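Written out below as structure tokens is the structure these notes cover.
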Amino acid sequence: MVNSRMKQVLFTLLLCLPATAQEATLPDLGKSGNDYLHSCEALTHNRDFSVQDVQCGTFTKGVVEGLTAYQIQSRGKLFNVPPKITVPQIEKIVVKYMNDHPKNLDLATSQIILWALIDAYPPPKK
């Protein structure tokens with residue numbers, strides 16, 4: 001019984017090791033546009049489904065969903081993104097915006113993503 005429990009604990013710990021090792025090497029994409037651009041720009045040309053690819057997509061989707069939730073709660077439109085847009089399409093828009101506005105790359109990535117969406121999909125005029 002003890003031997004079986006010990007095996008379960010060791011197996012669980014071994015499963016966590018690769019995730020811990022990967023996490024230590026991943027950049028903080030929210031820190032600045034520089035970090036996001038460095039990590040995600042190449043992926044907009046060639047999807048490789050790596051850990052980095054998943055990190056870029058997940059970060060981008062989380063920011064967009066947060067901004068969308070804010071729009072719903074505040075009943076104000078910051079941008080008007082088409083309903084069927086994909087995360088890779090948004091990543092391309094963000095990377096293009098960052099390349100076109102390099103002076104903003106030291107700012108928080110979420111702020112730059114907001115500006116990229118406003119630029120690409122302005123809110124409807126009242």
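Coordinate-derived values only; no laboratory data. If you're wondering where the values come from, they're calculated on a predicted model, not measured in any experiment. Here the Cβ is made from the backbone with ideal geometry for all residues, glycine too, and neighbour counts use every protein chain on show.
Of note:
- Within the shell defined by Cβ-Cβ distances under 15 Å, the residues around residue 102 carry a net charge of -3, with Lys and Arg each +1 and Asp and Glu each -1.
- Unit Cα scatterers, Debye sum, the stretch 26-120: log10 I(q)/I(0) for q = 0.13, 0.22 Å⁻¹: -0.40, -1.13
- Farthest toward the positive end of the dipole of the stretch 26-120, out of 97, 76, 60, is the Cα of 76, where the dipole comes from beta carbon charges about the Cα centre.
- Computed Rg/Rh of the stretch 64-125, alpha carbon atoms with Kirkwood Rh: 0.96
- Calculated from backbone phi, Karplus (6.51, -1.76, 1.60) coupling profile of the stretch 96-113 in Hz, x at Gly/Pro: 4, 4, 5, 5, 7, 10, x, 5, 8, 5, 7, 7, 4, 4, 4, 5, 5, 4
- Spin-label model distance (nm) - residue 38 vs residue 119, 7 Å beyond Cα toward Cβ: 2.1 nm
- Couplings 3J(HN,Hα) for the stretch 73-89, derived from phi with the Karplus relation 6.51 cos²θ - 1.76 cosθ + 1.60 (θ = phi - 60°), are 5, 8, 6, x, 9, 8, 7, 10, 6, x, x, 9, 5, 9, 4, x, 5 Hz, where x marks Gly and Pro.
- Extension gain, residue 28 back to residue 101 (0.36 nm per residue minus Cα-Cα distance, nm): 24.2 nm
- Charged side chains reduced to their Cβ positions (Lys and Arg at +1, Asp and Glu at -1) give the stretch 26-120 a dipole of some 380 debye around its Cα centre.
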